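The block underneath contains the structure these notes are about, expressed in structure tokens.
The values are calculated or read from the model by the stated rules, or taken from the named source; none is laboratory data. Predicted model, so just to flag it, every value in this text is computed and none were measured. When we count neighbours, we look across all protein chains shown, and the Cβ atoms used for this are built from the backbone with ideal geometry, even at glycine.
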Amino acid sequence: MDFNFPAIMVSAVFITGIIWLLDAFVLAPKRRIAADAISAQDVPSSEALSEAKEKLLKEPILVEYARSLFPVILAVLVLRSFLVEPFRIPSNSMMPTLLTGDFILVNKFSYGVRLPVLNSKIIDVGEPKRGDVMVFRYPKDPSVDYIKRVIGLPGDKIAYYNKQLFVNGEPAKQKAKGTYIGIGSGVSMSGAKVRLEHLSGVDHDILIDESRGTMEGEFIIPDGQYFVMGDNRDNSNDSRYWGFVPEENLVGKAFMIWMNWDSKASGHCLGPVGKQH
């Protein structure tokens, strides 16, 4: 079952807001009129009169909850939709940059301000840059969020042959850094080769499994679309297999790892995305 959090939050804001407004402009005035209509002749004492008016003026419990929750839910919706959203890394496809169980923060306005649920851009702030670690809605199933590295921009020609990336005919420089030793959910990648890749001014580590084949080919990126790959090059379901990421599927740029929780490992991490664990 899909859990559409933005839709739930928008619905909650709408429902609590309507209840609060309905009470403020319709129900509360009626309660005040009813309370003012009570006179000393209707009750045996002034104390009883005060209690009767207080009872009539009391907000229903549903209204009290709606009034309390509305600003909280609205603040969370605005923060999550337009500023920063947390995500958890579910797989090894971005190793060694991101590990399974990493909790990251994603800048939601890096690639434009979008309306929640509709995902339509209302303010054009910026565009993805080559080397960005980007969260996007998987083109084959937009209800699923993916995270990969931006490799190709609109108009680029990307090629991948013999474990080597080429951008517009130029090889992305690589430098061997040794053998990877994995922990926790990433222990299966122990023995892979670590290489430092230079991509348009962005240096990042990648993993290469020399014993495993991978998808090769050339790709020309259409306008308004992006080519993405995982840093775990031989263990990533990315643009080499299913194509390009449309601009309307962009979610935001990952910028911080704030903790790690891997049931198969222990420890935590705090720092910018790209800094090794």
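Residues of the stretch 113-133 being surrounded by 13 or more Cβ atoms within 10 Å (Cβ to Cβ) and closer than 16 Å to residue 80 by Cα, which ones?
Scanning the stretch 113-133 gives 113, 114, 115, 116, 117, 119, 121.
Identify, by number, the condition in (1) part of a helix (DSSP H, G or I); (2) touching a Ser or Thr at 6+ places or on another chain (Cβ under 6 Å) that residue 35 doesn't meet.
Failing condition for residue 35: (2).
Residue under question is residue 106, and the condition is that it be surrounded by 15 or more Cβ atoms within 10 Å (Cβ to Cβ) and in the same structural domain as residue 262 (by TED's automatic domain parsing); does it hold?
Here the answer is yes, as residue 106 does meet what is asked.
For residues that are assigned to a loop (DSSP other than H, G, I, E, B) and in contact with a strand residue (DSSP E or B) (Cβ under 8 Å, 6 or more places away or on another chain), scanning just the stretch 238-262, find the one that is surrounded by the fewest Cβ atoms within 10 Å (Cβ to Cβ).
Of the stretch 238-262, the ones assigned to a loop (DSSP other than H, G, I, E, B) are 238, 243-244, 261-262.
Pick out the ones that are also in contact with a strand residue (DSSP E or B) (Cβ under 8 Å, 6 or more places away or on another chain) and you get 238, 244, 261.
Details: 238: 20, 244: 19, 261: 13.
The qualifying residue surrounded by the fewest Cβ atoms within 10 Å (Cβ to Cβ) is 261.
Out of all the residues in the stretch 171-223, which are more than 28 Å from residue 260 (Cα to Cα), of a type in the set (A, V, I, L, M) and under 26 Å from the mean Cα position of the chain (by Cα)?
Within the stretch 171-223, 221 is the sole residue that qualifies.
Can you name the residue in the stretch 179-213 that is outside any strand (DSSP E or B), among the hydroxyl-bearing types (Ser, Thr, Tyr) and touching a Ser or Thr at 6+ places or on another chain (Cβ under 9 Å) and is also nearest to residue 88 (Cα to Cα) among such residues?
185
Got a number for residues in the stretch 131-146 being assigned to a strand (DSSP E or B) and either in contact with a helix residue (DSSP H, G or I) (Cβ under 7 Å, 6 or more places away or on another chain) or on the phi > 0 side of the Ramachandran plot (or both)?
Here the count works out to 2.
How about the stretch 152-164: which of its residues are part of a loop (DSSP other than H, G, I, E, B) and touching a residue at least 60 places away in the same chain (Cβ under 8 Å)?
If the condition is that a residue be part of a loop (DSSP other than H, G, I, E, B) and touching a residue at least 60 places away in the same chain (Cβ under 8 Å), then 153, 154, 155, 156, 163 are the ones that fit.
Within 28 Å of residue 207 (Cβ to Cβ), part of a loop (DSSP other than H, G, I, E, B) and assigned by TED's automatic domain parsing to the domain that holds residue 96: is that true of residue 149 in this structure?
Judged against the criteria, residue 149 is not a match.
What tally of residues in the stretch 188-212 results from selecting those that are loosely packed, with under 13 Cβ neighbours inside 10 Å and of a type in the set (Lys, Arg)?
Looking only at that region, the number is 1.
Restricting the stretch 88-123 to residues that are modelled with pLDDT of 90 or more and of a type in the set (D, E, K, R), which is farthest from residue 78 (Cα to Cα)?
Residue satisfying both the conditions and the ranking: 102.
Does any residue of the stretch 213-220 turn out to be among the hydrophobic types (A, V, I, L, M, F, W, C), under 22 Å from residue 243 (Cβ atoms) and buried (at least 16 other Cβ atoms within 10 Å of the Cβ)?
Among the residues of the stretch 213-220, at least one is among the hydrophobic types (A, V, I, L, M, F, W, C), under 22 Å from residue 243 (Cβ atoms) and buried (at least 16 other Cβ atoms within 10 Å of the Cβ), which makes the answer yes.
Quick test for you: out of 66, 37, 24, 12, pick the one residue that is loosely packed, with under 13 Cβ neighbours inside 10 Å, more than 30 Å from residue 234 (Cβ to Cβ) and modelled with pLDDT of 90 or more. Please lay out each step first, then the result.
Numbers: 66 fails: loosely packed, with under 13 Cβ neighbours inside 10 Å; 37 fails: modelled with pLDDT of 90 or more; 12 fails: loosely packed, with under 13 Cβ neighbours inside 10 Å.
Being loosely packed, with under 13 Cβ neighbours inside 10 Å, more than 30 Å from residue 234 (Cβ to Cβ) and modelled with pLDDT of 90 or more holds for just one of 66, 37, 24, 12, which is 24.
Being among the β-branched types (Val, Ile, Thr), under 15 Å from the mean Cα position of the chain (by Cα) and closer than 30 Å to residue 22 by Cα, is that true of even one residue in the stretch 112-120?
Initially, the stretch 112-120 is screened for residues among the β-branched types (Val, Ile, Thr), giving 113, 117.
When the remaining residues are screened for being under 15 Å from the mean Cα position of the chain (by Cα), the result is 113, 117.
Filter once more, keeping what is closer than 30 Å to residue 22 by Cα: 117.
Among the residues of the stretch 112-120, at least one is among the β-branched types (Val, Ile, Thr), under 15 Å from the mean Cα position of the chain (by Cα) and closer than 30 Å to residue 22 by Cα, which makes the answer yes.
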